[in-house]
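The values are calculated or read from the model by the stated rules, or taken from the named source; none is laboratory data. As the structure is a computational prediction, the values presented were derived from the model and not from experiment. As a convention, Cβ positions derive from the backbone with ideal geometry for all residues, glycine included, and neighbour counts pool all protein chains shown. The area values use the complete protein model at the heavy-atom level, side chains included, leaving out ligands, DNA and RNA. Shrake-Rupley method; radii C 1.70, N 1.55, O 1.52, S 1.80 Å.
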Amino acid sequence: MRADASASAAVSPPGAAVSLRAVSMRYGSLLAVDAVDLDIERGEVFGLIGHNGAGKSTLMKAMLGLVAPSAGTVRVDGASVDGAAGRAVRRGIGYLPENVVLWDNLSGLETLRFLARLKGAPLGDCAAALARVGLEEAAARPVREYSRGMRQRLGFAQALLGNPRVLFLDEPTSGLDPHAARAFWETLFELRERGVTAVVSSHVLAELQHRVDRLAVLSGGRLQAVGSVQALRAQRDLPLAIRLRLAPSDVAEAQRIVAGVLAAYTPGGAAHAPAGAAPVRRTASGLSAHCPRAAKVALLQALAPLGARLLDVEVSEPTLEDLFFGEAAAGPGGDPAGDSAGDPDRNPRASGASGGAA
């Protein structure tokens with residue numbers, strides 16, 4: 001998504017906690033970030049995803065004010081992160097880097113007190129921050145005795161010092177066990193209810209899928225798509241994955257029904273289906289197929305006469321991984337590469353299932 005020449009002068013929307021206008025980052029001949037326009041709302045958990053080298057970390061550093069953009073403007077909480085106002089803005093920001101580096105000889109509590117002094121945060125908040133991440137019993141232990149997950153939680157605790165209005169979290173659940181990861185997200189949702197904005201960068205797409213309000217997909221330094229997971233699904237119109245469980249004697253009849261419905265919803269009929277596409281696949285337990293969203297109700301109605309012979313139906317939405325690979329391959333306004341989105345055979349991680357138990 002490219003901005004026109006006037007975009008850099010635009011004023012941040014009233015509800016935006018973070019606003020970028022035509023932001024570009026150039027290192028010699030490398031254009032790491034290319035004319036990004038983005039608004040992140042107050043009280044929003046916002047995901048930032050992209051492959052390695054997509055520009056995520058560079059863009060996050062620009063939003064933090066750690067590096068100045070080559071072009072464009074960055075505003076956080078309504079003010080520029082550069083210049084005289086930048087220091088005051090950064091006092092209202094919490095940051096958890098991807099690789100947390102801590103002092104091994106300090107205890108957890110000493111670490112937070114040291115960092116609180118640097119940030120100008122109340123020292124009395126340190127013990128509460130440790131308790132919030134479940135480290136109160138390890139407060140007096142030296143950090144060298146902390147596990148990787150404990151160090152990550154200590155890193156999150158320091159990001160919470162000073163009650164920041166905006167959080168930037170880079171791979172925040174790295175090294176956390178499932179219990180600690182769940183506690184992290186519960187804390188983030190509590191903060192969201194208080195109006196705190198969180199920008200989360202992660203490679204764990206399945207983790208973000210059901211937790212972020214909106215997300216941005218970066219590829220090659222450019223913003224490919226922005227929106228909620230459901231909005232991006234609708235925008236790309238990726239097919240649903242359908243699984244049918246049947247007795248072997250009923251598979252052929254069900255296959256004819258499914259193929260007939262799908263042919264009716266394929267532009268030009270089955271003869272114009274994508275080369276190499278298999279409209280209906282036989283599986284060990286029955287059938288699987290891609291189903292256009294518009295065909296879902298018609299397909300279920302056509303299968304109804306099978307009655308109890310249809311042992312189970314599972315309908316799965318495209319995953320965030322499907323959307324990511326589609327957007328990254330397509331570029332702005334393009335068509336996703338490949339036809340495997342939501343495929344129950346080629347993508348076993350298809351989620352959002354409905355219907356009977358498998």
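3J(HN,Hα) along segment 157-162: 4, 5, 5, 8, 4, x Hz, from the Karplus curve 6.51 cos²θ - 1.76 cosθ + 1.60 with θ = phi - 60°, whole Hz, x for Gly and Pro. Using the Cβ-Cβ distance between Arg182 and Glu136 with R0 = 25 Å, the FRET efficiency computed as 1/(1 + (r/R0)^6) comes to roughly 0.85.
Rounded to the nearest 0.05, what FRET efficiency do Leu306 and Ala231 give with R0 = 25 Å and r taken as the Cβ-Cβ distance? Could you check? E between Leu306 and Ala231, to the nearest 0.05, is 0.15. Per-residue extension of 0.36 nm, minus the Cα-Cα distance of Glu98 and Arg256, leaves a gain of 51.7 nm for this segment.
Per residue, the accessible area of segment 127-269 comes to 43 Å² when a 1.4 Å probe rolls over the protein heavy atoms. Between amide H atoms placed 1.01 Å from N, distances below 5 Å from Gly227 occur with Leu215, all of them 5 or more places distant or on a separate chain. Each Cα pair under 8 Å and six or more residues apart adds its sequence gap; the mean of these over the residue count of segment 1-154 is a relative contact order of 18 percent. A 1.4 Å probe run over segment 36-87, with the rest of the protein chains in place, finds 37 Å² accessible per residue.
For Lys296, the aspartates and glutamates whose Cα comes closer than 20 Å to its Cα, not counting residues fewer than 8 places off in the same chain, are Asp237, Glu253, Asp312, Glu314, Glu317, Asp322, Asp339, Asp343, Asp345.
When Lys56, Lys119 are compared by accessible area of protein heavy atoms, the largest-first order is Lys119, Lys56, using a 1.4 Å probe. To put it simply, the accessible area of segment 100-169 at a 1.4 Å probe is 51 percent carbon and sulfur. Were the residues from Arg91 through Asn105 laid out at 0.36 nm apart, the gain over their Cα-Cα distance would be 2.4 nm. Under 13 Å of direct C-alpha separation, and excluding same-chain neighbours fewer than eight residues apart, Lys61 reaches these aspartates and glutamates: Asp82, Glu98, Asp170.
Full extension of the segment from Ser29 to Arg281, taken as 0.36 nm per residue of separation minus the current Cα-Cα distance, would add 85.9 nm. Enumerate the residues in segment 181-209 having an amide nitrogen under 13 Å from the point lying 7 Å beyond the Cα of Leu66 toward its Cβ. Label zone hits: 201.
The HN-Hα couplings worked out from phi for segment 81-93 by the Karplus form 6.51 cos²θ - 1.76 cosθ + 1.60 (θ = phi - 60°) are 7, 9, x, 5, 7, x, 5, 5, 4, 5, 5, x, 10 Hz, whole numbers, x standing for Gly and Pro.
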